[in-house]
Structure formats: C-alpha cells, structure tokens
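The values are calculated or read from the model by the stated rules, or taken from the named source; none is laboratory data. Since the model is a prediction, treat every value here as computed from it, not as a measurement. We place every Cβ from the backbone using ideal geometry, glycine too, and count neighbours over all the protein chains shown. We work out accessible area using only protein heavy atoms, side chains counted, and drop any ligands, DNA or RNA first. Shrake-Rupley method; radii C 1.70, N 1.55, O 1.52, S 1.80 Å.
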Amino acid sequence: MKVESHSCEVLQHDWVNARYKYLRLRCPAPLARATVAGQFFQLACPHGETEQPFLRRPMSVYGIGPQDERIEFLYHVKGVGTRALERLRPGGTLEMFGPLGRGFRFSPQWQRILLVARGVGLATMAPLVPLAARAGVGITALLSARAPSDLMQEEFLRGAPAQVHAVYDSDGSSAVDRVEALLRDVLLRQRFDMVYTCGSNRLLFLMQKMQMRGEAALEQQMACAMGVCLSCVRLFNEGGEKVFRRVCCEGPVFPIATVSGEVQFG
Ligand SMILES: Cc1cc2nc3c(=O)[nH]c(=O)nc-3n(C[C@H](O)[C@H](O)[C@H](O)COP(=O)(O)OP(=O)(O)OC[C@H]3O[C@@H](n4cnc5c(N)ncnc54)[C@H](O)[C@@H]3O)c2cc1C
C-alpha cells in the first residue's frame with residue numbers, strides 16, 4: 001500500500017491508567033488490511049493554545065481491524081506531542097501518515113512464540129497476540145513494568161490465552177539478573193519458534209547475551225520517518241560488520257542479534 005496521509009475520525013479516546021491512553025480511529029478498510037504488526041504511523045499532534053508540537057510523533061499500531069475499519073494506538077502521555085494528542089476528543093480528526101516501516105515476521109504454522117515487553121513496548125507487540133491466538137499458536141509473555149498499576153496485561157492480551165510472567169521494578173523482580181533466571185527457566189521448559197521484544201534496551205541486551213534469536217522493535221527518536229533526514233540512524237553488527245541503518249525505514253524491527261549496544265556518536 002502507498003504510504004500517504006490519512007484523515008481519521010476519533011471514535012474512542014480513554015485513559016487506561018494514570019499514564020497511558022487508548023485511541024481508536026475509524027480508518028478505511030484497505031488501510032487496516034495493509035498495516036501489519038510492528039509498523040507505525042506518524043501522528044500529527046494537534047496544536048494547542050500554548051504548546052505547538054513541531055514534528056509528527058511516531059506511534060506503533062496497537063490494534064488493527066479491517067472488518068470494522070479500525071486502527072488503534074496505546075501511548076504514554078509524556079511530552080509536548082502526546083499531551084496535545086491527549087486532548088483529541090471523539091468526533092475529532094487525526095491526521096496520520098503511513099503505514100511506515102517493516103513489521104514483525106509471523107507464521108501461523110508456528111507452535112509457540114515468546115513476547116518480552118517492557119512498558120509501552122507492549123503496544124508495539126500487541127497486534128501479534130490476535131494473530132497468534134487466531135492461528136492457535138501458543139503465547140508466552142514476559143511483561144515488565146514499574147509497578148502492577150502500569151502493567152496493562154489485559155490491554156495486551158485482550159482475552160487471548162497466554163502464559164504470563166509479570167515482573168516489576170517496585171518489588172525488584174524486574175532486575176536483570178532475576179529476569180535472566182526467569183528466562184532461563186522458561187527456555188528450559190518451552191521451545192519457541194520466534195522470540196520478540198520491545199521497550200527496553202536492558203532486556204534486549206540480556207536476550208543477546210543469552211543468544212536468543214528473534215526480533216526487536218526499536219523506538220528511536222526520528223523526524224521525517226521516510227529515510228531522508230537520517231536522524232534515526234543506529235549502529236548494527238551484521239555478520240561481523242558494523243553498519244548504520246535507518247530505524248524508520250529499514251526497521252523499526254531488526255534481528256535481536258544485530259542491534260549494537262555501542263555508543264554511536266561523541
Ligand atoms: C517506531 C516507533 C514506535 C513507537 N510506538 C509507540 C507506542 O506505541 N506508544 C508510545 O507511547 N510511544 C511510542 N513511541 C515513542 C513515541 O514516539 C514518543 O514517546 C513520543 O514521540 C514522545 O513525544 P512527546 O512530544 O510526547 O514527547 P517529547 O517531549 O518529544 O519527549 C518526551 C520524552 O520522550 C523521549 N522521546 C521522544 N521521542 C521519542 C521516540 N521516538 N522514542 C523514544 N523516546 C522518545 C524524549 O527523549 C523525552 O525524554 C514510538 C516510537 C517509535 C520510533
């Protein structure tokens with residue numbers, strides 16, 4: 001599908017907890033059909049009286065519904081852009097540009113997948129859940145959050161069956177060494193056809209250290225999101241070679257093993 005601007009009606013826009021908001025838009029069925037898990041849109045956050053967000057903000061699709069002409073987002077209200085977005089009301093219109101980027105690989109032939117998410121990283125991986133559930137692919141999820149009130153397990157699974165391991169900063173269970181022990185235990189008991197992660201460099205680098213193969217969605221700051229401005233360039237190791245890639249158009253999904261932890265500039 002052509003990447004272009006879309007004017008979408010806001011159908012629902014609600015807080016899911018103190019920090020995260022859920023946004024449901026009406027969109028043309030062909031757009032929802034062409035959008036895949038792991039892709040994102042550039043949202044034009046409306047200008048307010050005092051704050052005027054300059055650039056569009058990248059947001060992963062959280063839900064995709066071609067049958068009911070729906071695209072959904074789940075986002076953390078944190079700065080100028082998302083505070084402006086937060087003020088949109090049902091009946092209003094949101095301009096967005098996309099779908100952008102390369103999404104996750106998925107096969108309905110697989111037996112079981114592992115999803116490792118931290119914070120709002122779960123929004124990016126959420127569209128994999130109905131795909132897997134519809135295909136009868138088993139789901140194991142390790143969800144990490146600051147505290148139980150931030151976890152959003154129900155928003156992630158939306159009724160799909162899954163084996164969930166929740167870890168929190170508030171009780172220390174999200175510490176890297178404890179997550180490593182938990183993951184080792186999970187990997188002893190279950191075999192996964194694919195492993196996905198999003199939302200935490202600490203978890204990503206732990207998974208690299210454990211030589212877990214799979215895919216990571218990266219949330220790099222970006223401006224144009226079309227591969228032109230180069231603001232989202234990041235370092236990767238591919239077959240022993242160091243290469244720069246643009247997260248917006250060559251990602252945001254990359255093989256876990258290739259993402260470099262080296263400081264890139266300065
Ligand atoms: C491909 C992609 C998908 C994303 N999907 C989601 C999503 O589904 N839900 C969600 O809540 N967020 C998502 N993000 C992050 C989201 O784009 C930023 O939180 C948002 O742009 C912040 O805008 P702001 O104006 O509110 O905050 P700003 O005032 O711009 O920034 C507030 C804080 O957020 C940091 N920040 C700004 N932009 C980004 C960025 N692009 N990535 C990471 N940190 C950033 C800043 O460094 C600052 O610390 C995604 C980012 C990318 C690149």
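Annotations for the structure displayed:
- Every condition in (1) in contact with a Ser or Thr (Cβ under 7 Å, 6 or more places away or on another chain); (2) open to solvent by less than 20 Å² (accessible area, probe 1.4 Å); (3) not assigned by TED's automatic domain parsing to the domain that holds L115 is met by C198 except one, and the failing one is (3).
- Subset of the range 43-70 that is of a type in the set (V, I, T) and assigned to a loop (DSSP other than H, G, I, E, B) - its residue that is surrounded by the fewest Cβ atoms within 10 Å (Cβ to Cβ): T50
- Counted residues, the range 201-239 - those being hydrophobic (A, V, I, L, M, F, W, C), closer than 25 Å to L182 by Cα and open to solvent by 60 Å² or more (accessible area, probe 1.4 Å): 1
- Here R158, R191 are screened, and the one residue that is exposed (fewer than 14 other Cβ atoms within 10 Å of the Cβ), of a type in the set (K, R) and at pLDDT 95 or above is R191.
- Applying the set (1) over 19 Å from E9 (Cβ atoms); (2) of a type outside the set (S, T, N, Q); (3) in contact with a Phe, Trp or Tyr (Cβ under 9 Å, 6 or more places away or on another chain) to G63 leaves exactly one unmet item: (1).
- Elements of the type helices (runs of 4 or more DSSP H) sitting completely within the range 150-266 and holding at least 2 residues that are without any contact (Cβ under 8 Å) to a residue 24 or more places away in the chain: these cover 153-157, 176-189.
- Of note, R33 does not satisfy the criterion of being more than 15 Å from the chain's Cα centre (by Cα), closer than 30 Å to D169 by Cα and open to solvent by 10 Å² or more (accessible area, probe 1.4 Å).
- Reported count of residues in the range 117-128, each being over 28 Å from S7 (Cβ atoms), near the ligand (Cβ under 9 Å from one of its atoms) and open to solvent by 10 Å² or more (accessible area, probe 1.4 Å), is 1.
- Residue check, Q12 open to solvent by 60 Å² or more (accessible area, probe 1.4 Å) and within 20 Å of E155 (Cα to Cα): yes
- Among the residues of the range 1-47, just one is within 16 Å of the ligand (Cβ to nearest atom), over 13 Å from L100 (Cβ atoms) and of a type in the set (V, I, T), namely V16.
- Selection of first residues in the range 83-97 that are open to solvent by 70 Å² or more (accessible area, probe 1.4 Å) and of second residues that are outside any loop (DSSP other than H, G, I, E, B) and of a type in the set (G, A, S), restricted to Cβ pairs under 9 Å at least 6 apart or on distinct chains, gives the following pairs, ordered by first then second residue: T93/S7; E95/S5; E95/S7.
- Residue match in the range 100-116 (condition: surrounded by fewer than 20 Cβ atoms within 10 Å (Cβ to Cβ), at pLDDT below 95 and part of a loop (DSSP other than H, G, I, E, B)): no
- Within the range 74-98, restricting attention to residues that are out of contact with any Phe, Trp or Tyr (no Cβ under 8 Å at 6 or more places or on another chain), part of a loop (DSSP other than H, G, I, E, B) and closer than 27 Å to Q153 by Cβ, the residue that is farthest from the ligand (Cβ to nearest atom) is P90.
- Candidate set from the range 129-149 (those that are in a loop (DSSP other than H, G, I, E, B) and under 24 Å from R19 (Cβ atoms)); member that is most open to solvent (accessible area, probe 1.4 Å): R146
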